[in-house]
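The next block holds one structure in the form of structure tokens; read it before the comments.
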Amino acid sequence: MRLERFIQDLRYAFRMYGRTPVFTAISVLSLALGIGGNAAMFSLVNTLLVRPLPYSQPERLVRITGVYPRAAVPFFQERSRAMDVAAVSTGSEFNLTGQGAATRVTGSSATGNFLAVLGTAVARGRSFEAGEELPGRDGVVIVSHTFWKDRLGGDSSAVGRVIRLNGVDREIVGIMPAGFSYPSAKVELWIPMRLDPSNFLEYWATEFMPLIGRLRPGAGIGEAQAEDRGLMAQFRGTFPYPMARDWNSDSTAIPLQTDIVGDVRGKLIILLAAVGLVLLIACANVASLLLARATTRRKELALRAALGAGRLRIVRQLLTESVGLALTGAGLGIGLGAAALSVFKSLLPASLPGLSQAAIDWQVVAAVTALALLTGLASGLAPALSAAQVDVIETMKTGSQRSTSGFWTRMRGLIIAGEVALTLILLVSAGLLLRSLYKLAAVNPGFDSSHLLTVQISPNQFSCAQRAACIALYDRLLERSGEIPGVTAVAIANSVPLDGQLPTIPVDVEGHPKTSDHPAPMLWLGAVSPDYLRLMRVPLLAGRYLTRADGTSSAGVVVIPASTAKHFWPAESAIGKHIKPAGSQKWSTVVGVVGDVHQFTLSNSLPAWVAGVIYVPYAQSEREDGQIPAAMTLVAKVETDNSRVRADIRQLAEGQDPTAPVGRVESLEETASGSIADFRSTMQVFLSFASAAIILAAVGIYGLMSYWVSQRTYEIGLRVAIGATRTRIVGMVLAQGLRVSAYGIVAGIVTASLLTRFLASMLYGVAETDTLTFALVTAVVLGVAVLATAYPAWRATRIDPIKSLRAE
């Protein structure tokens with residue numbers, strides 16, 4: 001019997017959908033927009049925050065916060081009682097040769113036990129064995145499933161093959177299963193981490209990395225945290241050179257999943273809240289429309305009640321209709337969610353492990369279905385209760401569709417006011433991000449990127465063991481690239497601004513002796529050709545630029561930017577002061593001070609832990625190990641950026657060294673634009689949310705005022721009959737629409753001023769309560785409210801008083 005009644009309700013609901021196609025389409029599309037965004041966000045949140053890591057007992061995996069030299073690995077492994085400790089470097093680029101054209105791949109060095117600690121295994125072959133971290137036994141490599149498929153063609157006999165990385169032959173001993181990505185989705189291979197105390201720089205200074213651990217049986221994370229504090233204090237005292245007293249003083253053990261997600265967690269929660277607001281707006285919009293339709297169906301529902309339908313049956317019928325709309329919207333929303341998912345993925349770091357596995361799966365479909373049911377009930381409950389309170393006798397006697405209760409009219413006004421408030425919150429958020437993007441785009445980066453093309457050339461580092469070889473290579477490249485038609489000037493640099501690289505070096509600074517409180521500062525190392533600063537149009541403020549005379553055999557010189565000069569010598573001129581790499585015996589003299597350049601990002605010129613910048617002649621430059629940098633970027637000033645010039649530059653770069661991978665030729669403007677691409681994408685997503693919200697709010701206000709006018713046809717006709725002018729009628733309707741909107745705007749401003757503080761980390765140069773943004777958004781919402789009310793107001797002036805009074 002119940003099933004039969006449910007089928008009857010369902011059939012009736014579908015007939016109602018067919019009778020009101022416009023209403024049905026608006027409701028379904030509104031819900032599809034809200035549910036689609038939530039489906040995409042559910043996928044990301046489920047993959048990155050909820051779903052356990054794909055390892056054995058992932059809840060027992062921890063990350064020891066901070067970064068550590070290789071010397072820390074055996075120290076923690078030998079002394080930790082709560083954890084089995086391993087280390088995997090964050091990743092660096094390797095030259096892969098012998099597999100077609102030379103190319104760059106990202107790989108990590110890892111301790112032999114890293115797979116055992118993670119609780120995973122290779123799909124083919126074996127893991128690293130004991131002793132393979134020792135020099136002479138480390139010529140092995142484990143490759144990712146992607147590397148095996150894409151670069152080795154899925155060769156079933158790949159285990160045992162030899163590949164050449166950075167000029168060193170390594171045997172493939174294992175292939176990881178599909179989907180494995182640690183510590184980054186960019187990492188394609190893992191080599192043994194060489195633990196050689198006799199190599200001082202490698203063991204203590206050149207590579208700082210995270211430590212991971214697996215809690216031993218019976219140990220909890222609290223025990224690991226307490227142990228880590230003690231071990232950290234002990235290890236700090238083992239450094240063979242001065243370290244800051246507060247180095248890693250806040251080190252602790254945290255769940256590995258928390259570490260992997262990192263700062264992305266906050267962004268995910270903000271995006272989830274944003275799509276949640278869109279769904280609430282859509283739900284309010286549909287509830288408002290259903291309330292209006294329930295009023296127009298009063299005669300129909302009164303007739304059903306007179307024929308014996310109880311209130312519960314009427315409520316169930318109307319809820320069936322609203323839930324049906326929601327489920328239909330969910331079906332369409334899942335399709336929209338699949339498209340939106342790729343957009344949301346672009347807002348997150350592509351290197352985030354597990355990001356590529358996020359998809360609309362059965363778990364997401366189940367969650368969306370449950371959300372649709374809840375949405376259908378939430379949007380349909382008030383209209384159903386309103387319809388159930390129909391006065392059968394009064395409605396049948398008068399035949400009027402007008403509501404005799406002001407409660408549900410006020411309720412609908414409150415719903416629309418809430419919709420306006422939520423819309424204002426989204427608009428303010430989008431406005432703040434838009435203003436931030438505008439300010440970022442207006443930032444003076446300190447250099448002129450126009451008509452500059454760049455391409456990276458990456459010889460193996462061992463090929464620069466003889467400095468003269470690499471100096472000759474790049475001298476030849478500069479000479480020949482300057483002869484390319486259309487190229488007017490050329491230079492080289494180990495890193496160009498905003499390219500994402502971090503070429504840093506610890507230094508000694510004259511007048512700043514190293515202590516435990518002030519160890520060797522880290523500086524951004526710019527190894528450049530003499531014409532680089534002029535080519536980039538970095539202004540000279542004092543002294544001179546680097547020149548061709550600053551060669552290998554001449555006195556060491558450096559140029560520093562103004563901020564670095566002020567940091568180290570705030571009260572005196574920096575010209576004539578001295579700087580040298582830590583551990584080196586050769587001092588270099590500061591010969592020039594130039595303008596500051598945004599090296600790291602447009603919003604943050606340098607990372608917080610980098611104290612300044614030095615520009616060194618390439619022929620005099622050296623890394624921490626004393627070698628000259630091998631990988632360099634050619635910067636070419638061109639008359640016109642076209643495909644022919646780009647092809648000529650790339651062809652010349654490839655011809656210098658067949659074993660040196662050559663990157664993509666791109667303009668420096670593209671690099672600068674790409675540095676804020678994620679910020680721009682976030683702003684565009686919020687703007688799309690806000691656009692959908694303002695459209696839904698406009699529909700809601702329009703529907704409310706159209707309903708209000710229809711309910712007051714008799715009153716308006718009477719006012720006209722006794723002399724009310726059209727202007728007075730328009731003013732009355734506009735006042736009603738703006739009153740509801742004003743309530744929503746006030747509530748939205750108050751709520752937005754509290755919530756936008758969570759956006760602070762995503763803003764640049766704009767306060768989270770920026771007055772101008774709030775004022776402009778308020779004006780936009782008021783304007784939309786006026787436009788949405790204008791047509792119902794015009795319709796009110798067209799009411800014929802004679803017809804309205806006679807009909808009543």
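The table that follows gives values for the structure above.
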item	result
FRET efficiency estimate (nearest 0.05) - Cβ-Cβ, A123 to S356, R0 25 angstrom	0.90
For the stretch 90-198, the fraction of alpha-carbon pairs in successive 10 Å shells from zero, as %	15, 53, 30, 3
Of [x] 217, 71, 50; [y] 87, 69, 63; [z] 107, 61, 52, the label for Cα extents along the principal axes in Å derived from the coordinates	[z]
Whole-Å semi-axes of the ellipsoid equivalent to the stretch 449-513 (Cα gyration tensor, √5λ, descending)	27, 19, 12
Burial order of peptide ranges 66-73, 18-25, 638-645 (average beta-carbon count within 10 Å, highest first)	66-73, 638-645, 18-25
Accessible area (Å², per residue) of the chain, counting only protein heavy atoms and a probe of 1.4 Å	44
Rounded to the nearest 10 Å², the accessible area of L541 at probe 1.4 Å	110
Label-to-label distance, nm, for residues given as A779 and Q57 (7 Å Cα→Cβ offset)	6.3
Listed residues T564, S554, T515: farthest to the positive end of the dipole of the stretch 502-593 (Cβ charges)	S554
Cα shape, the stretch 510-574, gyration tensor, a/c 1.5 rule	prolate
Accessible area (Å², 1.4 Å probe, nearest 10) - K186	120
Pairwise label distance in nanometres, W794 with D448, each label 7 Å out on the Cα-Cβ vector	5.4
Cα-Cα over 21 Å, subset of K514/K586; K577/K637; K149/K345; K439/K637	K577/K637; K149/K345; K439/K637
Nearest-20 debye value, the chain charge dipole, Cβ charges on Lys, Arg, Asp, Glu	4140
Extreme residue, positive dipole direction of the chain, given options A760, Y68, F239 (C-beta unit charges)	A760
Two-site FRET efficiency, A178 against A555, from Cβ-Cβ distance with R₀ of 56 Å, rounded to 0.05	0.50
Qualifying GluC sites (Glu not before Pro) in the stretch 114-144, DSSP loop, other Cβ atoms within 10 Å at most 14	E129
Mean Cα-pair separation over length for the chain, i.e. relative contact order, pairs under 8 Å, 6 or more apart, %	17
Stokes-Einstein D for the stretch 456-609, Kirkwood Rh over Cα pairs, 4 °C, 1.567 mPa s (µm²/s)	76
Mean Cα-pair separation over length for the stretch 546-662, i.e. relative contact order, pairs under 8 Å, 6 or more apart, %	25
Extended-chain gain in nm, criterion 0.36 nm per residue less alpha-carbon gap, R726 and T589	41.0 nm
Estimated FRET transfer efficiency when R0 is 60 angstrom, pair S249-A25 (beta carbons, to 0.05)	0.45
Size of electric dipole in the stretch 665-730: Cβ of Lys, Arg +1 and of Asp, Glu -1, about Cα centre, debye, nearest 20	880
Binned Cα-Cα distances of the stretch 645-759, short to long, each 5 Å bin given as a whole percent	2, 8, 9, 11, 10, 8, 7, 6, 6, 6, 5, 5, 5, 4, 3, 2, 2, 1, 0
Pairwise label distance in nanometres, A468 with I575, each label 7 Å out on the Cα-Cβ vector	3.6
Euclidean distance between Cα centres, the stretch 153-190 to the stretch 743-759, Å	52
Extension gain (nm, one decimal) between E639 and R81, 0.36 nm per residue minus Cα-Cα	194.4 nm
Selection from H598, T725, A469, by position along the positive dipole direction of the chain (Cβ)	T725
Mean Cα-pair separation over length for the stretch 425-579, i.e. relative contact order, pairs under 8 Å, 6 or more apart, %	19
I745 - accessible surface, heavy atoms, 1.4 Å probe, Å² rounded to 10	10
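The values are calculated or read from the model by the stated rules, or taken from the named source; none is laboratory data. Fair warning: this is a prediction, and the values are worked out from it, not measured in the lab. With ideal geometry, Cβ positions are generated from the backbone for all residues, glycine too; neighbour counts draw on all protein chains shown. Remember, those area values only see protein heavy atoms, side chains included, never the ligands or the DNA or RNA. Shrake-Rupley method; radii C 1.70, N 1.55, O 1.52, S 1.80 Å.
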